[in-house]
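Written out below as structure tokens is the structure these notes cover.
The values are calculated or read from the model by the stated rules, or taken from the named source; none is laboratory data. Just so we're clear, the structure is a prediction, and the values are computed from it rather than from any experiment. Positions of Cβ are generated from backbone atoms using ideal geometry, with glycine treated the same way; all protein chains shown enter the neighbour counts.
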Amino acid sequence: MISEGARDGAPGATSMRTHLCGQLEDGDVGRFIRLCGWVSRRREHGEHLAFVDLRDHTGTIQCVVDGSVDARSEYVVAVTGTLRRRPEGMENPNLATGGWEVGDCEIEVLATAEPPPFAVEDRVDVDEATRLRYRYIDLRRPRMQANLRLRAVVNAALRAAMDRMGFCEVETPLLWSPTPEGAREFAVPSRLHPGAFYVLPQSPQLAKQLLMVSGMDRYYQIARCLRDEDLRADRQFEFTQLDMEASFVNQDDVLGFVSESVLDAAEAATGERPPPIARMTWAEALERYGTDKPDLRFAMELVDLGEVFATTEVRAFAAPQGARRHAVKALVVEGGASFARSRLDGLVETAKAEGAKGLAWFKVTEGDGVVGLDSPLDRFLSETERTGLLAASGAVVGDLVLVVSDEHRLACTVLGRMRVALGGRPVGEGPYRYVWVVEFPMFDGVDSAGHPVPAHHPFTMPHPDDLDLLETDPAAVRSQAYDLVLNGWELGSGSVRVHRADIQGRIFAALGISAEQAEARFGFLLDAFRYGAPPHAGFAFGIDRLAAIFSGADTIREVIAFPKTQSGADPLTGAPKALSANALADLGIKTTVPAPER
Ligand code: ASP
């Protein structure tokens, strides 16, 4: 009989078990206990002795059976027996429970199991397609269990922080209408309105702004967002954001709210509270790191060689006539003088593929005690340029200096990518370096019709000092938009919103959105703003990305229970699949291509 006492207070005790495998304590020694879980391993020693390693979500414990065991790997069993210390010399220091075993066990099979397609162990390497096809088995592995539980810790810490700061959790619809975040949207056909579609929200952006008009004051939501864009390590079709919005606030207030919640989550997940998060302007991030998501775990800052080559005769480094903003930027690769020619050629090709006119390289060498440059371009440099290049870049013998001379932003971004490719490390590898990037440009280039493209979304407030440039020089307008970056990954973005119809009208005009188009796309928001919109601002950051980094993973798929593959398929359910002819008819839909066989 299981004594009631054994069950009292033990974490995880239920009517079927008294304890959890990984949470046994020395005080339990001598107790008659009952555990439930999966058979991790079974070893038989003749007919009279068998060992079963029993696993539940908290750990594994060795169970000793005087007899044979009719249960194979991954059978679900209940084990009753007495907890005892292992005989001296028989302890297993690699197992948290390795000092004990359950003796005199009886094993009851609760469910049989076919041999699993791969062993339920972290050490076993399995290709991702198989892992996703049998995700329910993959998730049994200790590492995946830990990842999902870490994610839950992050969620709980975020909720607690938001509640404490007076934010109210409100759920917003998934069946919605287009939201301007710049990605392709998923559409859902309406059965009741054949021919019409809902759109799955790219974010609750418009809904949360409506909630500000409603007087919710501080809103948040752990919100699912859907974007039909190419999948990669930090992107899935559906992802989860901590989404927030607040009224009567400015940028500093929002940065304060977000910092508080993220640092709380970091502390809960890693046991350490990071220091306050520093800020950097977008322009500075571009200048020093060649990106709007700088990885601050390593230096390798870009160097400006504009002065060195200001009056150069070297064609490759001279500013072309009429160039709007030309730059000569450099990146020093420590020890890169040893790169083989083929590797350097590869870098040149990469730079060209990214749009640069070229990439110059200089190996810093030494001969007869004289420091020099080894490069096809060296013979064209003047002595002043040669010493200037060395002095400005700080490169020493053995280093490689990569130089891009091009339009300023392009020169920076090409070298920024090389900086990460040559000096970076996996995103989940500590230390954790956060940074706020502020003062993003309002627009990001122009579209095919020549209209500026919003860098954030069209409801972002321009920087007050740049309002007058909206009509005259849109490319120079800074916005009140900000990003939070961790280890080179963009965690999230936000902005102070436009709540005044006159400024919104000017932004739409700059974007080439006519009053009629604005009315058709966002009329309901603009309507709402006519009834008293408070100044408001907000932010959203990716919980998948945050949890992935905290768990040391380099893709968000490792912290998502059922992610899609790179091609957007779900090998477990087979989605996306063809619909039956009847279902299509109900929706008023005719397909023009057959669904692919998979
Ligand atoms: N909705 C924005 C996004 O998903 C964030 C924000 O501006 O609040 O990126």
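Points worth noting:
- Qualifying residue in the stretch 305-327 (condition: within 16 Å of the ligand (Cβ to nearest atom) and either closer than 23 Å to Leu402 by Cβ or modelled with pLDDT of 95 or more (or both)): no
- For the stretch 339-353, filtering for residues that are exposed (fewer than 15 other Cβ atoms within 10 Å of the Cβ) and either within 33 Å of the chain's Cα centre (by Cα) or within 17 Å of Ala421 (Cα to Cα) (or both) leaves 8.
- Candidate set: the stretch 188-215, residues that are within 22 Å of Ala537 (Cβ to Cβ) and surrounded by fewer than 17 Cβ atoms within 10 Å (Cβ to Cβ); chosen: the one farthest from the ligand (Cβ to nearest atom): Gly215
- Scanning the stretch 27-37 for residues that are within 9 Å of Leu83 (Cβ to Cβ) and not in a loop (DSSP other than H, G, I, E, B) yields Asp28, Phe32, Ile33.
- Among the residues of the stretch 163-175, the one identified as closer than 29 Å to Asp230 by Cβ, in contact with a helix residue (DSSP H, G or I) (Cβ under 8 Å, 6 or more places away or on another chain) and more than 13 Å from the ligand (Cβ to nearest atom) is Pro173.
- Screening the candidates Val77, Val102 for the property of being in contact with a Cys (Cβ under 6 Å, 6 or more places away or on another chain) and touching a residue at least 12 places away in the same chain (Cβ under 8 Å) yields one hit, Val102.
- All positions within the stretch 536-568 that are in a loop (DSSP other than H, G, I, E, B) and either acidic (Asp, Glu) or without any contact (Cβ under 8 Å) to a residue 60 or more places away in the chain (or both): Asp554
- Scanning the stretch 356-385 for residues that are closer than 15 Å to Val332 by Cα and not small (Gly, Ala, Ser), we see that the one that is surrounded by the most Cβ atoms within 10 Å (Cβ to Cβ) is Phe362.
- When the stretch 480-512 is limited to residues that are of a type in the set (Val, Ile, Thr) and buried (at least 20 other Cβ atoms within 10 Å of the Cβ), the one that is modelled with the lowest pLDDT turns out to be Ile507.
- Residue count for the stretch 444-477 satisfying the condition of being assigned to a strand (DSSP E or B) and within 16 Å of the ligand (Cβ to nearest atom): 5.
- If you go through the stretch 578-598 and keep only what is surrounded by 12 or more Cβ atoms within 10 Å (Cβ to Cβ), free of Cβ contacts under 8 Å to residues at least 24 places away in the same chain and in a loop (DSSP other than H, G, I, E, B), you end up with Ala578, Leu579.
Yes or no, residue by residue, for (1) farther than 30 Å from Arg557 by Cα; (2) of a type in the set (Lys, Arg); (3) surrounded by fewer than 18 Cβ atoms within 10 Å (Cβ to Cβ):
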{"residue": "Val396", "(1), (2), (3)": "yes, no, yes"}
{"residue": "Ser405", "(1), (2), (3)": "yes, no, no"}
{"residue": "Gly416", "(1), (2), (3)": "no, no, no"}
{"residue": "Ala421", "(1), (2), (3)": "no, no, yes"}
{"residue": "Val435", "(1), (2), (3)": "no, no, no"}
{"residue": "Phe440", "(1), (2), (3)": "no, no, no"}
{"residue": "Gly450", "(1), (2), (3)": "yes, no, yes"}
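- Criterion violated by Ala476 - all others in (1) small (Gly, Ala, Ser); (2) at pLDDT 90 or above; (3) under 30 Å from Glu558 (Cα atoms) satisfied: (3)
- Looking only at the stretch 297-334, residues that are touching a residue at least 60 places away in the same chain (Cβ under 8 Å), farther than 20 Å from Gly488 by Cβ and of a type in the set (Val, Ile, Thr) come to 4 in all.
- Residue check for Thr82: of a type in the set (S, T, N, Q) and surrounded by 19 or more Cβ atoms within 10 Å (Cβ to Cβ): no
- Filtered residues of the stretch 227-237 (kept if away from the ligand (no atom under 11 Å from the Cβ), modelled with pLDDT of 95 or more and in contact with a Phe, Trp or Tyr (Cβ under 9 Å, 6 or more places away or on another chain)): Asp228, Phe237
- Restricting attention to the stretch 494-520, the residues that are away from the ligand (no atom under 16 Å from the Cβ) and either part of a helix (DSSP H, G or I) or on the phi > 0 side of the Ramachandran plot (or both) total 16.
- Pick from the stretch 253-294, criterion of a type outside the set (A, V, I, L, M, F, W, C) and within 16 Å of the ligand (Cβ to nearest atom), ranking: surrounded by the most Cβ atoms within 10 Å (Cβ to Cβ): Ser261
- Here the stretch 239-252 is the region considered, the condition is being of a type in the set (Asp, Glu) and more than 10 Å from Ile222 (Cβ to Cβ), and the residue that is surrounded by the most Cβ atoms within 10 Å (Cβ to Cβ) is Glu245.
- For Val496, the conditions (1) touching a strand residue (DSSP E or B) at 6+ places or on another chain (Cβ under 8 Å); (2) among the aliphatic types (A, V, I, L, M); (3) without any contact (Cβ under 8 Å) to a residue 40 or more places away in the chain are fulfilled apart from (3).
- The stretch 151-179, residues that are within 16 Å of Val254 (Cα to Cα), touching a residue at least 12 places away in the same chain (Cβ under 8 Å) and exposed (fewer than 13 other Cβ atoms within 10 Å of the Cβ): Gly166
- Some residue of the stretch 521-535 being in contact with a strand residue (DSSP E or B) (Cβ under 6 Å, 6 or more places away or on another chain), surrounded by 13 or more Cβ atoms within 10 Å (Cβ to Cβ) and either assigned to a loop (DSSP other than H, G, I, E, B) or not hydroxyl-bearing (Ser, Thr, Tyr) (or both): yes
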